[in-house]
Amino acid sequence: MLAAATGTEPRLTTGLDTFRVEADLPSELSATAHSAVLAALATADRYGHTLNRTAEYVWAEISREANVTTTESPDTAYRALLGHTLTCTACRTGAICPAAAKLVRVWRETRR
């Protein structure tokens, strides 16, 4: 989702407790792209915007939660979502993608 909205490849890092995704922002962002960035960030537990002398980017952190109500782990569900959005043409162009919506629901369910 962030790749489509920003036109840049997001960076993914994993920590003991979180996944962190960062995406550089272009110098100009259309209203549609701005809405898409906000929608992508809204799926995270924590998110923000960093602006300094050398870079401007948004970031999102997703917690790894131990309390899982399904047989699929949050890590597996999130990796499936991330893998899909990085390769799906619809997701990368900012179009509505039913498969991504379903993967988001599965991932959220695993985090409860």
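Bear in mind that the values in this text are calculations on the coordinates, not laboratory data. No experiment lies behind these values; they were computed from the predicted model shown. Glycine also receives a Cβ, built like all others from the backbone with ideal geometry; neighbour counts cover every protein chain displayed.
So here's what we get for this one:
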{"item": "Rounded to 10°, Cα long-axis angle of helix 74-87 versus longest principal axis of the chain", "result": "40 degrees"}
{"item": "Gain on full stretching of the segment that runs from T93 to R108 - 0.36 nm per residue minus C-alpha separation", "result": "3.1 nm"}
{"item": "Cα long-axis angle, helix 31-42 against the chain (0 to 90 degrees, to the nearest 10)", "result": "30 degrees"}
{"item": "Estimated 222 nm signal from helices in the chain, with DSSP H stretches of n ≥ 4 weighted -39500 (n - 2.57), rounded to 500", "result": "-12500 deg cm²/dmol"}
{"item": "Check: the chain dipole with +1 on Lys, Arg Cβ and -1 on Asp, Glu Cβ, in debye", "result": "240 debye"}
{"item": "Gain on full stretching of the segment that runs from L86 to S30 - 0.36 nm per residue minus C-alpha separation", "result": "18.1 nm"}
{"item": "When the convex hull of its Cα atoms is projected in every direction, mean area for the chain (nm²)", "result": "6.9 nm²"}
{"item": "Computed magnitude of the charge dipole of segment 6-46 (debye, nearest 20; Cβ of K, R +1, Cβ of D, E -1)", "result": "80 debye"}
